[in-house]
Amino acid sequence: MRNPALEKWGDYDRDDPYPLFAQVRAGGPVHEVTLADGHRAWLIVRYEEAKAALNHAGLSKDMHAALARDGAVVAEGLPGPAFARHMLGVDPPDHTRLRRLASAAFSRPRIAALRPRVQAIVDGLLDDLEARGDAVVDLVKGFAFPLPFTVISELLGVPESDRDDVGSWFTTLLAPSSAPEPPAEAVAASESIVRYLVELLARKRATPGEDLVTDLVHAADQDDALSEQEMLSTIFQLVVAGHDTTTSLIGNGTVALLLHPEQRDALVADPSLVPHASEEILRWDAPVQHSTFRYTREDVALGGTVIPAFAQVIISLAAANRDPDRYANPETLDIARANTSHLAFGHGIHHCLGARLARLEADIAFTTLHGRFPTMRMALPRSALRWSHGDGLVLRGLSELPVILAPQ
Ligand code: HEM
C-alpha cells in the first residue's frame, strides 16, 4: 500500500523523521510524491540510487532551462533573479567557471591555515558563555551559530561592524514559513541583503582586501567575465551554505553525543577520535536532509523506475545515509563504525565546496566544547527540543539547545 506520507512529503514528524524514512525506503528506491506546496516531485531514498542521481548527466540543476519547455511543472515559486546564478543553481560550463572562481579559497592549505583562527573564535565564544555565569546557556545562539557565521564572514571580508545586521537579515530570510508567499519581513530582508552586497562589492573594488569578495571582484574585472548577478548570487549562496549547515552539524552533533554518553566519554578521553566521529554524526543525522532540486532533461531510469522528462527530483541524503543495504545497523550511532562514508555533503560535481571548512570547524568545536565541559548536560529532555525549519525539506537543525555547561 502506498504510504500516505508521500502525498504531503515534508509534513512529517520533525523530531524523528527516521522511522518514516525507513518505511519509505523499504517500499523502494524511487517514489513519486506531492510536496507540501502541492507540486509533484520524485523522491530518491536509497543509497545507490541517491549517489547515481547526484551525479546523473540527465539531471539538471538549472530549473529555468530544464523547465522552460514545460511551464506546467513549476511555473510559480521560482526564486528571484538576484540570487539564482550561483554554482549550485547552474550546470556546466557555467558551474565549472563559477566553482573554479571560488574554489581556491577552500583548498587544503588555505583551510588548514585557518585552524588557529577558528580555534581562537571557538575559545572566545566559550569564554563568553562561561563568563556570563548563567545556569543554562543556549548553545545554538551562543556557539553553534556565531562560530560558522564569523568564519564565513571573515572569509568573505564582511566587516565586523556589519555582521549583526547581515546576520539578522539572513536569519529573517531563512526563517521557516509555511505560507505560500514569502512573508513581508523576508522580502524586506532579501532587499536589504541585495543593497548591502552591491555596496560591499563597490567597497571592495575601491579598497581591495585579502578576502573572497575581493577575489570575485577581481575575477569579474578580468577575462572570466563574472557578471554582477553571478557575484551577488555566489556571495549570497556562500553565506547561506556556509553557516546554517554547520550550525546544524554542531547542534545536532552535540545532541547526538549527549544522548550517547558512553560515546561522548570516549571522545573526551581520546580527542583524536573526533574527526571520525564527526563523519558518523554527519551520516546519522545529516544537517542537509534532502538535496536541492534537480530537473530531468529527458526520461531518466533509476532503480527500475523511469522518471519522465521535465520532472523535479529530490534526493533524501538523510534516508540514503541510513540505508541497510549500505550500512550494518544503520539506525545506530556508532562513532567507531568502520564505514562512515556518507552523502551528507552530496556527491558528484556539486559535492559540497565547503566540506573541508565544515570539517575543520566541527573538529575544533567538538574537541574544545566536550574537552572543556566534560560533564555538560542538556537542560531539557530530548522530547522538548524543537527542530527548526518548518516546511523546508533541506535543513534539519535545532532552533535552540539549552545546556548546563558545568553542572555542580
Ligand atoms: C553544496 C552540505 C557546509 C558551501 C552542498 C551540498 C550539500 C552540502 C549536501 C550539495 C547540495 C546538492 O547537490 O543539492 C553541507 C553540509 C555542511 C556544509 C552538511 C556543514 C556541515 C558548507 C560550508 C560552505 C559550503 C561551510 C562554504 C563556506 C557549499 C557550496 C556548495 C555546497 C558552495 C555548492 C557546490 C557546487 O554546486 O558545486 N553542501 N555543506 N558548504 N556547499 Fe555545503
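The values are calculated or read from the model by the stated rules, or taken from the named source; none is laboratory data. Quick caveat: nothing in here was measured; it's all calculated off a predicted structure. Cβ: placed from backbone, ideal geometry, glycine included. Neighbour counts: every protein chain shown.
Structural remarks
To keep it simple, each residue is scored yes or no on (1) away from the ligand (no atom under 13 Å from the Cβ); (2) modelled with pLDDT of 95 or more; (3) surrounded by fewer than 16 Cβ atoms within 10 Å (Cβ to Cβ).
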| residue | (1), (2), (3) |
| --- | --- |
| 38 | yes, no, yes |
| 47 | yes, yes, no |
| 50 | no, yes, no |
| 90 | no, no, no |
| 102 | no, no, no |
| 113 | yes, yes, yes |
| 120 | yes, yes, yes |
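Here is a yes/no grid of residues against (1) near the ligand (Cβ under 9 Å from one of its atoms); (2) over 19 Å from residue 396 (Cα atoms); (3) in a strand (DSSP E or B); (4) touching a residue at least 24 places away in the same chain (Cβ under 8 Å):
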| site | (1), (2), (3), (4) |
| --- | --- |
| 233 | no, yes, no, yes |
| 246 | yes, no, no, yes |
| 262 | no, yes, no, no |
| 310 | no, yes, no, yes |
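- Any hit, the range 378-385, residues being assigned to a loop (DSSP other than H, G, I, E, B) and under 24 Å from residue 316 (Cα atoms): yes
- Within the range 163-197, the set of residues being assigned to a loop (DSSP other than H, G, I, E, B) and farther than 22 Å from residue 387 by Cα comprises just one member, 181.
Yes/no per residue for (1) within 16 Å of the ligand (Cβ to nearest atom); (2) loosely packed, with under 15 Cβ neighbours inside 10 Å:
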{"residue": "126", "(1), (2)": "no, no"}
{"residue": "148", "(1), (2)": "yes, no"}
{"residue": "154", "(1), (2)": "yes, no"}
{"residue": "184", "(1), (2)": "no, yes"}
{"residue": "187", "(1), (2)": "no, yes"}
{"residue": "198", "(1), (2)": "no, yes"}
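- Within the range 211-231, being touching a residue at least 40 places away in the same chain (Cβ under 8 Å) and either crowded, with 17+ Cβ neighbours inside 10 Å or charged (D, E, K, R) (or both) holds for 211, 212, 213, 214, 215, 216, 219, 224, 226, 230.
- Boolean, residue 389 is modelled with pLDDT under 95 and under 20 Å from the mean Cα position of the chain (by Cα): yes
- For the range 21-35, the candidate set comprises residues that are of a type in the set (A, V, I, L, M, F, W, C) and surrounded by 15 or more Cβ atoms within 10 Å (Cβ to Cβ); within that set, the residue that is modelled with the lowest pLDDT is 35.
- Of all residues making up the range 129-152, the number that are free of Cβ contacts under 8 Å to residues at least 60 places away in the same chain and more than 21 Å from residue 115 (Cβ to Cβ): 5
- Residue 355 within 16 Å of the ligand (Cβ to nearest atom) and buried (at least 19 other Cβ atoms within 10 Å of the Cβ): no
Residues checked against (1) more than 16 Å from residue 46 (Cβ to Cβ); (2) more than 11 Å from the ligand (Cβ to nearest atom); (3) surrounded by fewer than 22 Cβ atoms within 10 Å (Cβ to Cβ):
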residue: 287; (1), (2), (3): yes, no, no
residue: 291; (1), (2), (3): no, no, no
residue: 301; (1), (2), (3): no, yes, yes
residue: 332; (1), (2), (3): yes, yes, yes
residue: 337; (1), (2), (3): yes, yes, yes
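- Just one of the listed residues (326, 322) is within 16 Å of the ligand (Cβ to nearest atom), under 30 Å from residue 264 (Cα atoms), in contact with a Lys or Arg (Cβ under 9 Å, 6 or more places away or on another chain) and assigned to a loop (DSSP other than H, G, I, E, B), namely 322.
- Residue among 330, 287, 324, 308 that alone is touching a Gly at 6+ places or on another chain (Cβ under 7 Å) and of a type outside the set (A, V, I, L, M): 287
- Residue 261, sole failed condition from (1) within 19 Å of residue 353 (Cα to Cα); (2) modelled with pLDDT of 95 or more: (1)
- Pairs are defined by a Cβ separation below 9 Å, a sequence spacing of at least 6 or placement on different chains, a first member in the range 35-51 that is assigned to a helix (DSSP H, G or I), and a second member that is surrounded by fewer than 19 Cβ atoms within 10 Å (Cβ to Cβ); the pairs so defined are 47/325; 48/303; 48/325; 49/303; 49/305; 51/348.
- Scanning the range 93-116 for residues that are under 17 Å from residue 355 (Cα atoms) and not in a helix (DSSP H, G or I) yields 107, 113, 114.
- Among the conditions (1) within 16 Å of the ligand (Cβ to nearest atom); (2) modelled with pLDDT of 95 or more, the only one that residue 63 does not satisfy is (2).
- Qualifying positions in the range 354-408 - touching a residue at least 24 places away in the same chain (Cβ under 8 Å), basic (Lys, Arg) and under 21 Å from residue 286 (Cβ atoms): 356, 359, 382, 396
- Evaluation of residue 330 against (1) touching a residue at least 60 places away in the same chain (Cβ under 8 Å); (2) over 23 Å from residue 151 (Cα atoms); (3) under 22 Å from the mean Cα position of the chain (by Cα) (one fails), failing number: (1)
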